[in-house]
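In what follows, a structure is listed as C-alpha coordinates, so that the remarks can point back to it.
The values are calculated or read from the model by the stated rules, or taken from the named source; none is laboratory data. As the structure is a prediction and not an experimental result, all values here were calculated from the model. Here the Cβ is made from the backbone with ideal geometry for all residues, glycine too, and neighbour counts use every protein chain on show. Each accessible area value is taken on the protein alone, full model and side chains, heavy atoms only, with ligands, DNA and RNA left out. Shrake-Rupley method; radii C 1.70, N 1.55, O 1.52, S 1.80 Å.
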Amino acid sequence: MSKPFGKQLGFDEVLDVVETLSASDQEVLIDLVKKRLAQKRREEIAANIVEATEEYKAGKARRLTVDEFMAQLEEL
(Lines give C-alpha, C1' and ligand atoms only; values in the text may rest on other atoms or scores of the structure.)
Protein backbone atom coordinates (compact mmCIF):
# COMPACT_ATOMS: atom_id res chain seq x y z
CA MET A 1 0.00 0.00 0.00
CA SER A 2 1.39 3.39 -0.93
CA LYS A 3 1.82 6.21 1.55
CA PRO A 4 -0.41 9.07 0.36
CA PHE A 5 1.22 11.69 2.56
CA GLY A 6 4.84 10.84 1.77
CA LYS A 7 5.58 9.74 5.33
CA GLN A 8 4.22 7.19 7.72
CA LEU A 9 2.28 8.61 10.65
CA GLY A 10 2.86 7.24 14.11
CA PHE A 11 0.03 5.79 16.16
CA ASP A 12 -0.25 8.89 18.36
CA GLU A 13 -0.31 11.13 15.30
CA VAL A 14 -3.11 9.08 13.78
CA LEU A 15 -5.10 9.33 17.01
CA ASP A 16 -4.61 13.10 17.03
CA VAL A 17 -5.94 13.32 13.47
CA VAL A 18 -8.90 11.06 14.28
CA GLU A 19 -9.78 13.22 17.27
CA THR A 20 -10.17 16.21 14.94
CA LEU A 21 -13.01 14.40 13.16
CA SER A 22 -16.63 14.75 14.20
CA ALA A 23 -18.13 11.94 16.27
CA SER A 24 -20.12 10.69 13.27
CA ASP A 25 -17.00 10.70 11.06
CA GLN A 26 -15.13 8.78 13.75
CA GLU A 27 -17.92 6.18 13.79
CA VAL A 28 -17.76 5.87 10.00
CA LEU A 29 -13.98 5.51 10.21
CA ILE A 30 -14.28 2.78 12.84
CA ASP A 31 -16.79 0.93 10.67
CA LEU A 32 -14.55 1.19 7.61
CA VAL A 33 -11.49 -0.02 9.51
CA LYS A 34 -13.44 -2.99 10.91
CA LYS A 35 -14.67 -3.91 7.42
CA ARG A 36 -11.16 -3.67 5.97
CA LEU A 37 -9.74 -5.81 8.77
CA ALA A 38 -12.46 -8.40 8.20
CA GLN A 39 -11.74 -8.41 4.45
CA LYS A 40 -8.01 -8.76 5.07
CA ARG A 41 -8.66 -11.71 7.39
CA ARG A 42 -10.94 -13.35 4.79
CA GLU A 43 -8.16 -12.98 2.21
CA GLU A 44 -5.66 -14.56 4.62
CA ILE A 45 -8.03 -17.46 5.28
CA ALA A 46 -8.58 -17.96 1.55
CA ALA A 47 -4.81 -17.99 0.96
CA ASN A 48 -4.38 -20.54 3.75
CA ILE A 49 -7.05 -22.74 2.17
CA VAL A 50 -5.30 -22.60 -1.20
CA GLU A 51 -1.95 -23.45 0.41
CA ALA A 52 -3.42 -26.31 2.44
CA THR A 53 -5.20 -27.70 -0.62
CA GLU A 54 -1.96 -27.62 -2.64
CA GLU A 55 -0.07 -29.33 0.19
CA TYR A 56 -2.76 -31.99 0.49
CA LYS A 57 -2.71 -32.67 -3.27
CA ALA A 58 1.10 -32.88 -3.18
CA GLY A 59 0.92 -35.43 -0.37
CA LYS A 60 2.49 -33.09 2.18
CA ALA A 61 -0.61 -33.11 4.39
CA ARG A 62 -3.17 -35.67 5.37
CA ARG A 63 -6.60 -35.80 6.94
CA LEU A 64 -6.73 -36.37 10.67
CA THR A 65 -9.47 -37.01 13.14
CA VAL A 66 -9.82 -34.54 15.97
CA ASP A 67 -8.31 -37.10 18.35
CA GLU A 68 -5.30 -37.63 16.05
CA PHE A 69 -4.81 -33.91 15.71
CA MET A 70 -5.00 -33.35 19.48
CA ALA A 71 -2.51 -36.19 20.05
CA GLN A 72 -0.07 -34.54 17.64
CA LEU A 73 -0.47 -31.21 19.42
CA GLU A 74 0.35 -32.83 22.72
CA GLU A 75 3.60 -34.19 21.22
CA LEU A 76 4.84 -30.69 20.44
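Below are the figures for this structure:
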read-out	value
Per residue accessible area in Å² of segment 1-54, where ligands, DNA and RNA are left out and the probe is 1.4 Å	93
Furthest towards positive pole of dipole, 9, 23, 39, structure part the chain, Cβ charges	39
Estimated distance in nm for a label pair at residue 19 and residue 60, the labels positioned 7 Å out from Cα along Cα-to-Cβ	4.8
Shape of segment 27-70, Cα gyration tensor, a/c cut at 1.5	oblate
Nearest 10 degrees, 0 to 90: helix 66-75 Cα axis against the chain principal axis	80
Cα-centred dipole magnitude for the chain, charges only on beta-carbon of K, R (+1) and D, E (-1), debye, nearest 20	460
Table column - 3J(HN,Hα) (Hz), segment 41-58, Karplus curve with 6.51, -1.76, 1.60, x for Gly and Pro	5, 4, 5, 5, 5, 4, 5, 5, 5, 4, 4, 5, 5, 5, 5, 5, 5, 7
FRET efficiency, 1/(1 + (r/R0)^6) with R0 30 Å, evaluated for residue 74 and residue 26 via beta carbons	0.05
Carbon plus sulfur fraction of accessible area for the chain, probe 1.4 Å, in percent	58
